[in-house]
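Quick notes on the structure that follows.
Nothing in this text is a laboratory measurement; each read-out follows from the coordinates by a stated rule. Quick caveat: nothing in here was measured; it's all calculated off a predicted structure. Here the Cβ positions follow ideal geometry from the backbone for every residue, glycine too, while neighbour counts run over all protein chains shown.
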Number of protein chains: 2
Amino acid sequence: MSEPLKIGIAGLGTVGAALVHVLVSRYALLAEACGRPIEIVAVSARDRERNRGIDLRAMTWFDDPIELAKTGEIDVFVELIGGAADPALSAVEAALSRGIHVVTANKALLAKHGVRLAALAEEKGVLLNFEAAVAGGIPVIKAMRESLTGNRVSRLYGIMNGTANYILTTMEREGLSFEACLKEAQRLGYAEADPTFDIEGNDTAHKLAILTSLAFGTEIAADDIYLEGISNISIDDICAADDLGYRIKLLGVAQRTDSGIEQRVHPTMVPKDSVIGRVDGVTNAVAIESDVLGELIMSGPGAGGDATASAVMGDIADIAKSRPGIQHGPALGKPAAKLVPYKRAKMRSHEGGYFIRVTVQDKAGVFASIATHMAENTISLESIVQRAKHTSPAGSGRQTVVLVTHATTEASVRAAVQAMVADGYTIGAPQVIRIERPKAA
Amino acid sequence: MSEPLKIGIAGLGTVGAALVHVLVSRYALLAEACGRPIEIVAVSARDRERNRGIDLRAMTWFDDPIELAKTGEIDVFVELIGGAADPALSAVEAALSRGIHVVTANKALLAKHGVRLAALAEEKGVLLNFEAAVAGGIPVIKAMRESLTGNRVSRLYGIMNGTANYILTTMEREGLSFEACLKEAQRLGYAEADPTFDIEGNDTAHKLAILTSLAFGTEIAADDIYLEGISNISIDDICAADDLGYRIKLLGVAQRTDSGIEQRVHPTMVPKDSVIGRVDGVTNAVAIESDVLGELIMSGPGAGGDATASAVMGDIADIAKSRPGIQHGPALGKPAAKLVPYKRAKMRSHEGGYFIRVTVQDKAGVFASIATHMAENTISLESIVQRAKHTSPAGSGRQTVVLVTHATTEASVRAAVQAMVADGYTIGAPQVIRIERPKAA
C-alpha cells in the first residue's frame with residue numbers, strides 16, 4: 001500500500017460534514033479501492049465550536065481557508081466554502097499555484113472563474129475536479145469530460161435545480177399555487193428563506209454555463225444565458241400542459257445552432273411520457289445528445305449533503321488512484337487556451353414549439369383574429385383549445401385559449417403575441433412557454 | 001504534444017468499422033482532448049478483402065489477432081472479436097502479459113474470465129477497460145468503478161438488452177404476439193436469426209454478472225444467475241400489466257440480501273410512471289442504489305456500432321490522457337485478489353411483489369379457493385381482478401384472474417400456485433411475474 005493521500009477540507013457545512021463522515025467511516029473501503037488511504041489532515045470553517053456530529057480532533061484546524069490551502073501538508077484541497085468571491089477564490093488559487101490538486105463543489109466560482117482556474121491547474125500539472133458542482137451526485141461532468149471524448153454534442157438539457165422541480169411537481173400533484181408550494185418547500189428545507197437564486201434560474205444558469213463549456217469547447221459564458229424563472233407559472237399553465245400531454249419543468253438548455261450556441265434557462269413543456277418528463281421532486285436529470293454516442297440521460301439526487309459528498313468523494317478517489325502529480329486531461333475537456341470564445345445565438349432566432357395561453361374577451365371575431373395573427377407570422381398550429389375551466393367560468397365574459405405551435409421562431413411568436421395584445425381583446429399578459437422535445441428515438 | 005498513442009484493433013465488424021471511422025475522422029479533436037494523437041497502427045479481422053467503407057491502407061494487417069496482440073508496435077490492444085473462447089481470450093491474455101493496455105467490448109469474455117484478466121492487468125500495471133461491454137454507450141462501468149467509489153450498493157437493476165426491450169415495447173404498442181414482434185425485430189436487424197441469447201436472458205446475464213462484481217466487490221459469478229426469458233410473455237400479460245399501472249421489462253437485477261446476493265434475469269413488472277418504465281425500444285437503462293449517492297439512473301443506446309464505438313473511444317481516451325504505464329485503479333473496482341467469493345442468495349427466499357395471472361374454470365368456489373391458498377401462504381393481496389377480456393369470452397366456461405401481491409416470498413408464491421394447480425380448476429400454467437419497484441423517492 002502506498003503513502004496516504006492527504007487532504008484538507010475548507011467548509012464544514014452540510015456537505016463538508018457529510019464528507020468528513022464518509023471519508024472517516026469508509027477509510028478501509030476507500031483505501032482498498034484506491035490503493036492507498038485517504039487521510040483528512042486539516043480542516044477549516046468559520047466556527048470551530050459548532051457541533052457537527054463529527055470528530056475533528058485528529059485534524060489541524062485553520063481559521064483561514066487560504067492558510068489551509070497554502071499549507072505544505074496536503075496533496076488535495078477540497079473547497080466547500082461556496083461563492084464566486086473570496087475566500088473561496090483565493091483559497092483555490094493558492095492551492096493550485098502551489099501545485100496542490102483541487103476538488104470543489106462550487107458552481108458559482110467555476111461559472112465565473114473556471115477557465116482561468118483550469119488554465120492554472122494545467123500550468124501546474126494538477127487536477128481540478130468539480131463533479132459536485134453540477135447536478136449533485138449525478139456523474140455528468142465525468143460523462144462529458146471523459147466518456148464523451150471525441151463526440152460532438154448537439155444539445156444538452158436538464159433539470160438542474162431540485163427546489164424548482166420540487167415546487168413544480170408539488171403544484172401539479174396538489175393543485176396548489178406557486179406561492180403555496182414555495183412556502184411548503186421552505187418549510188421542508190428544500191428552499192432557502194430567499195429562494196430567488198433557485199426559482200429565478202440563476203443556480204441552473206451557473207451549472208448550465210459549466211456544461212456548455214464542456215460540451216462545445218467554448219469559454220464559460222454564464223452572463224450570456226437567457227434567463228426566465230418559474231414564479232410566473234400558474235396552476236392553469238400546469239393543467240393546460242397536462243391536458244395536452246406535457247409537464248412543465250425548469251430546464252437549462254444548451255444547443256448548437258447555425259448562428260451560435262443557445263444557452264437558456266426557462267420553464268419548459270416536456271412530453272409527459274419522456275424520461276425527463278418523469279423526473280419528480282428534488283431529483284435532477286441531464287440529457288446529452290451527441291453524434292457518436294446518441295442520447296444519454298442521467299438522473300439522480302441533485303443536492304443534499306450525502307449525494308454531494310458522494311460526488312466529492314469520487315473526485316478525491318480519482319486523484320488517489322492516480323500517482324501523485326499525474327495529469328489526466330484538462331479540467332474543461334480541452335486545454336483552457338484552446339477553448340474558443342462563446343458565440344451567443346440570438347434568442348429571437350430560437351426555433352421550437354411554443355405553448356401560448358391567453359385570456360381573451362368572449363366576443364365574436366377573437367378566435368379568427370388569433371388565427372390570423374398566427375398565419376401572418378407563418379406559425380402553424382399543432383392544437384388550439386378553448387378552455388373554460390379554472391380561469392374562465394361561464395358568464396364571466398372571458399375565455400382562455402391555449403395554442404400549441406409546430407416548430408417556429410421566437411421572433412414570430414413574439415410578433416404574433418404583440419399583435420394580439422395590440423388588438424385589445426387580451427386580458428392580462430399572455431403566457432408563453434417553450435416546448436423541448438427529446439430526440440426522436 | 002506528446003508521442004502518439006498507438007493502438008491495434010482486432011475485429012472489424014460493425015463496431016470495429018465504426019471505431020476506425022471515428023478515430024480517423026476525429027483525429028485532431030481527440031488529439032486536443034487527450035494531449036496526444038491516437039493512431040491506429042494495426043488491425044486484424046477474418047476477411048481482408050471485405051469492403052467496410054474504411055481505408056485500412058495505413059495500418060498493418062494481421063490475419064491472426066493473437067499475433068497483433070503480441071506485436072511490440074502497440075500501446076493499446078482493442079479487442080472487438082467477441083466470444084469467451086479463442087482467439088479473443090488468448091489475444092487479450094497475450095496483450096496483457098506483454099504489458100499492453102486492453103480495451104474490450106466483450107461481455108462474454110469478462111463474464112467468464114474477468115477476474116483472472118483483471119488480476120493479470122494489475123500484475124502487469126496496465127489498464128483493462130470495458131465500458132462497451134455493458135449497456136453500450138451508457139457509461140455505467142465508469143460510474144460504478146469511479147464515481148461510486150466509497151459507496152455501498154444495495155441494489156442495481158436494468159434493461160440491458162435492446163432486442164428484448166424492442167420486442168416487449170412493440171407487443172405493447174401494436175398489440176401483437178411475441179412471435180410476430182420477434183419476426184419484426186429480425187426484419188429490422190434488431191434481432192439475430194437465432195435470437196435465443198437475447199430473448200432468453202443470457203446476454204443480460206453476462207452484463208449483470210460484470211456489474212454485480214463491481215457493485216458488491218465479489219468474484220464474477222455468471223453461472224449463478226437465475227434466468228427466465230421473455231418468450232413466455234403474452235399480450236394478455238401486457239394488457240393486464242397496463243390495467244394495473246405496470247409495464248413488463250426484461251430486467252437484470254442484483255441485490256444484497258441477508259442471505260447473500262441475488263442475481264436474477266426475468267420479465268419484470270415495473271411501474272409505468274417510473275423512469276425505468278419509460279425506457280422504450282432498443283434503449284437500455286441501468287439504476288444503481290447506493291447508500292451515500294442515492295439512486296442513480298442512466299439511459300441511452302445499448303447497442304449499435306456507433307454507440308458501442310463511442311464507449312470504446314472513451315476507454316481509449318482515458319488511456320491516452322494518462323501517461324503510459326500508469327495504473328488508475330483496479331479493473332473491477334478493487335484488487336482482483338481482494339474480491340470475495342460470490343454467495344448466492346436462494347431464489348426461494350426472494351422477497352417482493354408478484355403478479356399472478358391464472359385462467360380457471362368458471363365455477364362456484366374457485367375464487368374462494370384462490371383466496372384461501374393465498375392466505376394459507378400468508379400472502380396479502382394488493383389487488384385481485386377478474387378479467388373477462390381477451391382470453392375468456394363470456395360463455396367459454398373459463399375466467400382469467402389476475403392477482404397482485406404485497407411483498408412476499410418466492411417460496412410462498414410457488415406454494416400457493418402449486419396448491420391452485422393441485423385443486424384441478426386451473427387451465428394451462430399460471431403465469432407468475434415478479435414486480436420490481438424503484439426506491440421510494
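Using a ≥ b ≥ c from the Cα gyration tensor of the protein assembly as shown (square roots of the eigenvalues), is it rounded, prolate or oblate, where a/c under 1.5 gives rounded and otherwise the larger of a/b and b/c decides, a/b for prolate? Cα axes put the protein assembly as shown in the rounded bin.
Mean projected area of the Cα convex hull of segment B:141-301, taken over all directions, amounts to 9.5 nm². Counting from the shortest, the label point at B:D194, 7 Å from Cα toward Cβ, is 6.9 nm from the same position in each remaining copy. Comparing A:L211, A:L176, A:L332 in a Gaussian network model of chain A where C-alpha atoms under 10 Å apart are linked, the largest mean-square fluctuation is found at A:L176.
Using only alpha carbons, segment A:349-435 has a radius of gyration to Kirkwood radius ratio (Rg to Rh) of 0.95.
Comparing mean-square fluctuations of A:I66, A:I210, A:I248 from a GNM of chain A with C-alpha springs under 10 Å, the top value falls on A:I66.
Counting DSSP beta bridges in the protein assembly as shown, what percent are antiparallel, to the nearest 5? So the antiparallel bridges in the protein assembly as shown amount to around 70 percent.
Over the C-alpha atoms of segment A:199-254, the Rg to Rh ratio, Rh being the Kirkwood estimate, stands at 1.10. Could you tell me the distance between the Cα centroids of segment B:292-357 and segment A:399-431, to the nearest Å? Each part reduced to its Cα centre gives a spacing of 50 Å.
At a 10 Å Cβ-Cβ cut-off, how would you order A:L148, B:L56, fewest neighbours first? Spell out each step's value before the answer.
Values: A:L148 26, B:L56 18.
Fewest to most other Cβ atoms nearby, the residues stand as B:L56, A:L148.
With +1 on each Lys and Arg Cβ and -1 on each Asp and Glu Cβ, and nothing else charged, work out how big the dipole of chain A is about its Cα centre, in Debye to the nearest 20.
Values: 45 positive and 52 negative charges, 115 e Å.
Once rounded to the nearest 20, the dipole reads 560 debye.
Sorted fewest first by neighbouring Cβ atoms within 10 angstrom, B:T405, B:T204 come out as B:T405, B:T204. Given axes a ≥ b ≥ c from the Cα gyration tensor, I'd like to know whether segment A:75-146 is rounded (a/c under 1.5), prolate (a/b larger than b/c) or oblate. It comes out oblate by the Cα gyration axes. Only helices enter the 222 nm calculation for chain B: every DSSP H run of n ≥ 4 contributes -39,500 (n - 2.57), and dividing by all residues gives -10000 deg cm²/dmol, rounded to 500.
For an R0 of 30 angstrom, estimate the FRET efficiency from the Cβ-Cβ distance between A:S349 and A:R116 and round to the nearest 0.05.
On the way: r = 31 Å, r/R0 = 1.02.
With a Förster radius of 30 Å, E is 0.45.
Taking the label point 7 Å along Cα→Cβ, A:T378 and its counterparts in the other copies are spaced 7.2 nm apart, in ascending order.
Taking label points 7 Å from Cα along the Cα-to-Cβ direction, B:D258 and A:S369 give a separation of 7.2 nm. Counted over segment A:141-301, the DSSP beta bridges are approximately 95% antiparallel.
Go ahead and run the numbers for FRET between B:K183 and A:Q418, Cβ-Cβ distance against an R0 of 41 Å, rounding to 0.05.
On the way: r = 55 Å, r/R0 = 1.34.
Efficiency, from the Cβ-Cβ distance: 0.15.
Note on chain B: Cα convex hull, mean projected area over all directions, 22.1 nm². Note on segment A:1-78 and segment A:215-260: Cα centroid distance 38 Å, given to the nearest whole angstrom.
A:R116 label point (Cα plus 7 Å toward Cβ) to equivalent points in the other copies: 5.7 nm, shortest first.
For Cα pairs less than 8 Å apart in space and 6+ apart in sequence, what is the mean separation divided by the residue count of chain B, i.e. the relative contact order in percent?
Working: 936 pairs, mean separation 72.1, N = 441.
This gives 16 percent for chain B.
Please list, by residue number, everything in segment A:81-110 whose backbone N is under 15 Å from a paramagnetic label point 7 Å out along Cα→Cβ of A:D64. Residues A:86-95 qualify, since their backbone N sits under 15 Å from the label point.
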